[in-house]
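Each remark here refers to the structure printed beneath this line.
The values are calculated or read from the model by the stated rules, or taken from the named source; none is laboratory data. Every value quoted in this text rests on a predicted model; they were computed, and no experiment measured them. Positions of Cβ are generated from backbone atoms using ideal geometry, with glycine treated the same way; all protein chains shown enter the neighbour counts.
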Amino acid sequence: MSHASETAFPTGAPAPDAAFHDSAGKKLTTRAVLAGSKDLPTLFAFFKVNCPTCQLAWPYVQRLHELYGGQAVRVAGVCQNTASEGALFSRTYGGTTFDLLVDAEPRFDASNAFGVESVPHLVLVSPDGKVLRVQTGWSKREMEELGREIAKAKGLTVTPVVSPADPVKDFQAG
């Protein structure tokens, strides 16, 4: 685990069955998202478009998806803004090719259910709905650990999420 609220969702705890909307406005629950994940864990990546740490981390969430999405994990971005703002953010910061969900203001139902206090907030949930990992903010080390964990769980070759030559900072709080 990491910088996140470990007491709210310790490893193995059930993930909340929160309500989201897809980009077309259709209501989805955590269970529905997990059911569409084809027996893969789902990484819920909560973000806000004006968050500098989200802007820093987002291309690496995309890279994680490019490396392991559909084989070892399903990535679902969860935007705390409107669907159109989330889509623009995704195009600007990494050209996102994974699913985007919406948990817009003013209620933040899903974010509150998942205990999100700051973003980016990543929650890895098993296909059966158990929390596997939570991390908040940006940590190069934790992003690499997450990639290794995902790859090893499915017997895939581990590939760095962050290239060793990448000058990205090691840590930035959310």
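Consider the range 101-117 and keep the residues that are in a loop (DSSP other than H, G, I, E, B) and either among the acidic types (Asp, Glu) or in contact with a His (Cβ under 9 Å, 6 or more places away or on another chain) (or both). The one that is surrounded by the fewest Cβ atoms within 10 Å (Cβ to Cβ) is Glu105.
Kindly indicate whether Lys27 is in contact with a strand residue (DSSP E or B) (Cβ under 8 Å, 6 or more places away or on another chain), at negative phi and among the basic types (Lys, Arg). It is true that Lys27 is in contact with a strand residue (DSSP E or B) (Cβ under 8 Å, 6 or more places away or on another chain), at negative phi and among the basic types (Lys, Arg). Any idea which residue in the range 27-50 is nearest to Phe108 (Cα to Cα), counting only those that are in contact (Cβ under 8 Å) with a residue 40 or more places away in the chain and part of a loop (DSSP other than H, G, I, E, B)? It comes out as Lys48. Gly129 falls short of the stated requirement of being over 23 Å from Ala32 (Cα atoms) and modelled with pLDDT of 95 or more.
Residue under question is Lys140, and the condition is that it be charged (D, E, K, R), under 23 Å from Ser163 (Cα atoms), at pLDDT 95 or above and surrounded by fewer than 24 Cβ atoms within 10 Å (Cβ to Cβ); does it hold?
yes
Among the residues examined, Thr96 qualifies as farther than 27 Å from Gly12 by Cβ, free of Cβ contacts under 8 Å to residues at least 60 places away in the same chain and within 14 Å of the chain's Cα centre (by Cα).
Out of Gly94, Gly12, report the one residue that is assigned to a loop (DSSP other than H, G, I, E, B) and surrounded by fewer than 16 Cβ atoms within 10 Å (Cβ to Cβ). Steps first, answer last, please.
Numbers: Gly94 fails: surrounded by fewer than 16 Cβ atoms within 10 Å (Cβ to Cβ).
Residue meeting the stated conditions: Gly12.
Taking residues in the range 123-149 that are among the acidic types (Asp, Glu), and partners anywhere that are in a loop (DSSP other than H, G, I, E, B) and at pLDDT below 95, the pairs with Cβ atoms closer than 7 Å and at least 6 places apart or on different chains are Glu142/Ser2.
Taken together, the criteria place Glu145 among residues that are closer than 18 Å to Val75 by Cα, acidic (Asp, Glu) and surrounded by fewer than 20 Cβ atoms within 10 Å (Cβ to Cβ).
Scanning the range 82-111 for residues that are in contact with a Cys (Cβ under 9 Å, 6 or more places away or on another chain) and of a type in the set (A, V, I, L, M, F, W, C) returns Ala87, Phe89, Leu100, Leu101, Val102, Ala104.
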